[in-house]
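Visitor: First the structure, which I've put down as structure tokens, then a few questions once you've had a look.
The values are calculated or read from the model by the stated rules, or taken from the named source; none is laboratory data. This is a predicted model, so every value here is computed, not measured. With ideal geometry, Cβ positions are generated from the backbone for all residues, glycine too; neighbour counts draw on all protein chains shown. Remember, those area values only see protein heavy atoms, side chains included, never the ligands or the DNA or RNA. Shrake-Rupley method; radii C 1.70, N 1.55, O 1.52, S 1.80 Å.
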Amino acid sequence: ATAALLAGCSKDHNLNPFENAKTASDERDLQARDFKSECSLEPLDAIFTGILTAFQASLQASRVTYRFEGANIKRTTEFFTSTDCSGKTALSFVEGGEFNLHKDQKSKDGGKAIDIDYKQLLVTAKTGEGVEAANALKLCGSDSWKEDNENDVTAQAADSNCLGVEMPRHNSNIYRVDAKVLYLGKPSDNSNQPDDRPTSLNLSVKYTAK
């Protein structure tokens, strides 16, 4: 798994094999799985509220996927033109970075501390409708979006017509894995610090390993 990770390196990756091996061994239930949320008409993270509002006429629902590889994390937020997330993804936001586990820090409901540092934002318009919507909004400062062209918009992440928060950004959270289901703490408030870490799990939102 580490070799595959190194082969697909980019600026958001931790390439230290020792750190990757240690983090992987700390919580094997997280590793090399896609933890997918249910389809949602409301954004699962407050930072995407503006995106759904701006695209209200064209984008109806979203789904979030977390993937952990060694000490690296990718969070993919997909937007759909359907209300049930059927059909092809119209727009995809991929945040990449690193994470650290602090399993000795626990909440009363069994959540363990996790610190995530997102370093890169990649956006792709995956359908003609996605391209049309992105160009109309000048998403992340561009009106020249093309279908299936992945764009690194890390430098534009803080723009009001992009993610709306600066990148890199830090997220202090808690997590618990029950069998193949991942739970996280309360929704992110854009970029919190360790002393703002959630004190309880959000059991109403499940991310199921696929």
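Visitor: Hey, for a label at Glu27 modelled as a point 7 Å past Cα toward Cβ, could you say which residues of the stretch 50-67 have their backbone N under 18 Å away?
Guide: Under cut-off, by backbone N: 64-67.
Visitor: Would you kindly derive the ³J(HN,Hα) couplings of the stretch 63-76 from the backbone phi angles with the Karplus curve 6.51 cos²θ - 1.76 cosθ + 1.60 (θ = phi - 60°), listing them in order in whole Hz, with x for Gly and Pro?
Guide: 8, 10, 10, 9, 9, 10, 9, x, 9, 10, 9, 10, 10, 10
Visitor: Would you list which lysines come within 27 Å of Lys112, measuring only between C-alpha atoms, while excluding same-chain residues fewer than 8 positions from it?
Guide: Output for Lys112: Lys22, Lys36, Lys74, Lys103, Lys180, Lys186, Lys206, Lys210.
Visitor: Here's another thing I want to ask about it. Once you place label points 7 Å from the Cα toward the Cβ at Ser82 and Asp34, how far apart are they in nm?
Guide: 1.6 nm
Visitor: What ³J(HN,Hα) values, in whole Hz, does the Karplus curve 6.51 cos²θ - 1.76 cosθ + 1.60 give for the stretch 198-210 when θ = phi - 60°, with x put for Gly and Pro?
Guide: So the Karplus estimates, Gly and Pro as x, are x, 9, 8, 7, 8, 6, 7, 10, 10, 10, 9, 5, 10 Hz.
Visitor: Using a 1.4 angstrom probe on the protein heavy atoms only, could you order Ser58, Ser144, Ser86 from most to least accessible area?
Guide: Descending accessible area places them as Ser144, Ser86, Ser58.
Visitor: Glu69 accessible area, nearest 10 Å², 1.4 Å probe?
Guide: Surface open to solvent at Glu69 totals about 40 Å².
Visitor: Long-range amide H contacts for Gly185: which residues qualify at under 5 Å (H placed 1.01 Å from N, peptide plane, sequence gap of 5 or more or a different chain)?
Guide: HN-HN under 5 Å from Gly185: Ile174, Asn202.
Visitor: Would you mind working out the accessible area per residue for the stretch 25-108, using a 1.4 Å probe, and quoting it in Å²?
Guide: Result: 44 Å² per residue.
Visitor: So how strong a dipole does the stretch 62-130 carry about its Cα centre when Lys and Arg Cβ are +1 and Asp and Glu Cβ are -1, to the nearest 20 debye?
Guide: Charge dipole of the stretch 62-130: 140 debye, to the nearest 20.
Visitor: Scan around Gly70 for amide H atoms under 5 Å from its own, H built in the peptide plane at 1.01 Å from N, and keep only partners 5 or more places away or cross-chain.
Guide: Ala32
Visitor: Among the lysines, which fall within straight-line cross-link reach of Lys138, defined as a Cα-Cα distance under 24 Å, with same-chain neighbours fewer than 8 residues apart omitted?
Guide: Lys88, Lys119, Lys126, Lys146
Visitor: Determine the equivalent ellipsoid of the stretch 75-210 by diagonalising the alpha-carbon gyration tensor, then write out the semi-axes as square roots of 5 times the eigenvalues, largest first, rounded to whole Å.
Guide: Semi-axes from the Cα gyration tensor: 31, 18, 11 Å.
Visitor: From the phi of every residue in the stretch 116-129, what ³J(HN,Hα) in whole Hz does the Karplus formula 6.51 cos²θ - 1.76 cosθ + 1.60 yield, where θ is phi - 60° and glycine or proline is x?
Guide: 10, 10, 7, 10, 9, 10, 10, 10, 9, 8, 9, 9, x, 5
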